[in-house]
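Step one of this worksheet: look at the structure below.
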Amino acid sequence: MTSTDSAQQPADTPAKAPAKDPWDLPDVSGLVVGVLGGTGPQGKGLAYRLARAGQKVIIGSRAAERAQAAAEELGHGVEGADNAECARRSDIVIVAVPWEGHGKTLEALREDLAGKLVVDCVNPLGFDKKGAYALKPEEGSAAEQAAALLPDSRVTAAFHHLSAVLLENPDIDEIDTDVMVLGEVRADVEIVQALAGRIPGMRGIFAGRLRNAHQVESLVANLISVNRRYKAHAGLRVTDV
Ligand SMILES: NC(=O)c1ccc[n+]([C@@H]2O[C@H](COP(=O)([O-])OP(=O)(O)OC[C@H]3O[C@@H](n4cnc5c(N)ncnc54)[C@H](OP(=O)(O)O)[C@@H]3O)[C@@H](O)[C@H]2O)c1
């Protein structure tokens, strides 16, 4: 048995009800997805993939007209609005702004995001002549900063390891990758897993609570190294699940 197994239980543990099938995920097709910072490559790429899969998507921006222009470019019924309206009109809100603007953006949108399922995909990274490296946010991770700033929202983290280049390429039909989804409330995590699963080729995999988001965010520095070495747009697969 390896140290990553969780099946080490004493022999006298009482029998539990059979566990729910972890792949039995909710139907999220009717939920509206907003993307804060949706005019950048990651937000636009995700908006495009989700809208192409049939999801209603609203792109957010600091300037409504930039969002509307980006939405028009994407088609598939995508709409554009300023970040606050995008948050208010959406059920699920993906945060796709740069780390530098993360705290301020969320703080300003606290009320607009109240009650919403927030999905943080922000990777706090620094770059120097040796390449990319992980920054260490005071709260532990970008996702934990979001949770601290948004006490009335349901904060999760996902979509960190995607290549915006692949997401945005209309000639690619399937995105060959798993998406690690983190959060505190199982029902919320399952909604995000289901959302990832709407994109052909993608699976959303539960990957722990927000206190473990730092490693997931940081791993992007390693993926950037992989991409540079192999001239690739690497994704991740979790095996044996
Ligand atoms: N690019 C990828 O492949 C990738 C993959 C996974 C995760 N991510 C994460 O996704 C996030 C977005 O990545 P990106 O490459 O799309 O970033 P980006 O292009 O630098 O920024 C996205 C959008 O955020 C808005 N923005 C810029 N500075 C801001 C600030 N200081 N405050 C608030 N909003 C600001 C801009 O939109 P407006 O000017 O229209 O407001 C911009 O178009 C990052 O945190 C990144 O770590 C990226």
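Only one of the listed residues (111, 107) is farther than 18 Å from residue 157 by Cα, free of Cβ contacts under 8 Å to residues at least 60 places away in the same chain and open to solvent by 60 Å² or more (accessible area, probe 1.4 Å). That residue is 111. If the condition is being open to solvent by 60 Å² or more (accessible area, probe 1.4 Å), of a type in the set (S, T, N, Q) and farther than 23 Å from residue 92 by Cβ, then segment 185-233 contributes 215, 222, 225.
If the condition is being under 11 Å from the mean Cα position of the chain (by Cα) and either closer than 19 Å to residue 74 by Cβ or not β-branched (Val, Ile, Thr) (or both), then segment 151-182 contributes 157, 158, 159, 160, 161, 162, 180, 182. With a cut-off of at least 3 residues that are within 29 Å of residue 187 (Cβ to Cβ), name the helices (runs of 4 or more DSSP H) lying wholly within segment 23-112. Hits in segment 23-112: 41-52, 83-89, 99-108. Which of the residues that make up segment 85-100 are within 11 Å of the ligand (Cβ to nearest atom) and either open to solvent by less than 10 Å² (accessible area, probe 1.4 Å) or more than 30 Å from residue 29 (Cα to Cα) (or both)? Once the filter is applied, which keeps residues that are within 11 Å of the ligand (Cβ to nearest atom) and either open to solvent by less than 10 Å² (accessible area, probe 1.4 Å) or more than 30 Å from residue 29 (Cα to Cα) (or both), segment 85-100 yields 86, 94, 95, 100.
Evaluate the following for residue 112: is it touching a Cys at 6+ places or on another chain (Cβ under 9 Å) and over 23 Å from residue 236 (Cβ atoms)? Against the criterion (touching a Cys at 6+ places or on another chain (Cβ under 9 Å) and over 23 Å from residue 236 (Cβ atoms)), residue 112 qualifies.
Out of everything in segment 11-50 that is within 16 Å of the ligand (Cβ to nearest atom) and basic (Lys, Arg), what residue ends up being least open to solvent (accessible area, probe 1.4 Å)? Among those residues, the one meeting the criterion is 49.
Just one of the listed residues (56, 104) is within 14 Å of the ligand (Cβ to nearest atom) and of a type in the set (Lys, Arg), and it is 104.
Residues of segment 125-172 being open to solvent by 40 Å² or more (accessible area, probe 1.4 Å) and polar (S, T, N, Q), which ones? Within segment 125-172, just 169 meets the criteria.
The values are calculated or read from the model by the stated rules, or taken from the named source; none is laboratory data. From a predicted model like this one, the values you see are computed outputs, not experimental measurements. Positions of Cβ are generated from backbone atoms using ideal geometry, with glycine treated the same way; all protein chains shown enter the neighbour counts. SASA here: full protein model, heavy atoms, side chains in, ligands and nucleic acids out. Shrake-Rupley method; radii C 1.70, N 1.55, O 1.52, S 1.80 Å.
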